[in-house]
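Notes for the one structure printed next.
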Amino acid sequence: GPDLDSGPLDVGAGSLTGGTERTASGWFEVTAAMVSATLGTALFTGRGENRLAFRHSSLAAYLAVYHLREHQVPHRQLATLFLVAGDDATTSIPVPLRETAAWLVALDPAHADWLASADPESLAAHSAVVDSAAMKALLVRGLLDRAPQLELSGASARRARWQVAYPGLADQLAAVLAEVPGGEPQDWPTQARVRLAVRLAREAAAPDLAEPLLELAEHDGWSPYTRQLAART
């Protein structure tokens, strides 16, 4: 439609023409016909008169990360883009960029481990796209490190979308469950780590964890809440 009718977040189709883009087979010129053909594919859907948008946010997130990788955006700029200012304990990924950050971790795990350490909870919500075992191990470690905050906020109980299972998860959680054989510790951080490890054990679905979980459930040195949590798991 007319440019005067466009909104502040609209990108005019005409502004996308010109210049060149690169594919695996080489460079090509971006023409108006090519832009029109692309907007007519199933990637996009209608959003009102003369307006299109990505059919699913995952498509936009994936293509954004592909663009960032192609242009080799340096770490400093990526950190400025993906992280809200704060200290090591409060830095977070803005909600609109969380799925994009998960794709960055999935497509370039060797250069995106800093994101898993900075805000593991946000990435865990989109962990279905992450298929690297090493990155999932890093995510779980980050979640366990933030267990005191996650348990107090109730975020650990809202983990329906967390998909952090990987072949070594059972061993990683067993090590946490074995840290306090004498009963519930007095300090909250350790209590929270064990509770979160028990919750994550459901993701592992590993028979090897049955014995330590049963031992915790039967140990009268632990609180009834934690023992019930272990028994249900």
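The values are calculated or read from the model by the stated rules, or taken from the named source; none is laboratory data. Treat the numbers as computed from the prediction; the structure is a model and nothing was measured. Every residue, glycine among them, receives a Cβ derived from its backbone with ideal geometry; neighbour counts consider all protein chains shown. SASA here: full protein model, heavy atoms, side chains in, ligands and nucleic acids out. Shrake-Rupley method; radii C 1.70, N 1.55, O 1.52, S 1.80 Å.
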Practice problem: Considering each of VAL73, VAL95, VAL130, VAL84 in turn, give the residue that is surrounded by fewer than 16 Cβ atoms within 10 Å (Cβ to Cβ) and within 12 Å of the chain's Cα centre (by Cα). | Solution: VAL95
Practice problem: Output the residues belonging to the range 142-178 that are touching a helix residue (DSSP H, G or I) at 6+ places or on another chain (Cβ under 7 Å), at pLDDT 85 or above and among the charged types (D, E, K, R). | Solution: ARG146, GLU151
Exercise. Take the range 89-115 and flag every residue that is at pLDDT 85 or above and farther than 18 Å from SER58 by Cβ.
Key: SER92, TRP114
Practice problem: Give GLN172, GLN186, GLN191 a once-over and let me know the one that is in a loop (DSSP other than H, G, I, E, B) and without any contact (Cβ under 8 Å) to a residue 60 or more places away in the chain. | Solution: GLN186
Practice problem: Take the residues in the range 209-221 that are of a type in the set (D, E, K, R) and part of a helix (DSSP H, G or I), then tell me which one is farthest from ARG161 (Cα to Cα). | Solution: GLU218
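Do we find that PRO212 is on the phi < 0 side of the Ramachandran plot and surrounded by fewer than 16 Cβ atoms within 10 Å (Cβ to Cβ) in this structure?
On the way: on the phi < 0 side of the Ramachandran plot: yes; surrounded by fewer than 16 Cβ atoms within 10 Å (Cβ to Cβ): no.
When the stated conditions are applied, PRO212 does not pass them.
Quick grid of which residues meet (1) out of contact with any Ser or Thr (no Cβ under 9 Å at 6 or more places or on another chain); (2) open to solvent by less than 30 Å² (accessible area, probe 1.4 Å); (3) farther than 20 Å from GLN163 by Cα:
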position	(1), (2), (3)
ALA197	yes, yes, no
ALA201	no, yes, no
PRO207	yes, no, no
SER223	yes, yes, yes
THR233	yes, no, no
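Does at least one position in the range 26-37 carry a residue that is in a strand (DSSP E or B), over 19 Å from SER6 (Cβ atoms), open to solvent by 80 Å² or more (accessible area, probe 1.4 Å) and in contact (Cβ under 8 Å) with a residue 12 or more places away in the chain? Show your work before the answer.
Residues of the range 26-37 in a strand (DSSP E or B): 26-29.
Narrowing the set further to residues that are over 19 Å from SER6 (Cβ atoms) leaves 26-29.
Of the ones still in play, those that are also open to solvent by 80 Å² or more (accessible area, probe 1.4 Å) are 27, 29.
Add one more test, that the residue is in contact (Cβ under 8 Å) with a residue 12 or more places away in the chain, and what stays is none.
Among the residues of the range 26-37, not one is in a strand (DSSP E or B), over 19 Å from SER6 (Cβ atoms), open to solvent by 80 Å² or more (accessible area, probe 1.4 Å) and in contact (Cβ under 8 Å) with a residue 12 or more places away in the chain, which makes the answer no.
Residues checked against (1) within 24 Å of ALA101 (Cα to Cα); (2) exposed (fewer than 12 other Cβ atoms within 10 Å of the Cβ):
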position: GLY1; (1), (2): no, no
position: LEU16; (1), (2): no, no
position: ARG22; (1), (2): yes, yes
position: THR45; (1), (2): yes, yes
position: ARG51; (1), (2): no, no
position: LEU63; (1), (2): yes, no
position: LEU68; (1), (2): yes, no
position: GLN77; (1), (2): yes, yes
Quiz item: For the range 126-156, how many residues are in contact (Cβ under 8 Å) with a residue 12 or more places away in the chain and outside any helix (DSSP H, G or I)?
Solution: 5
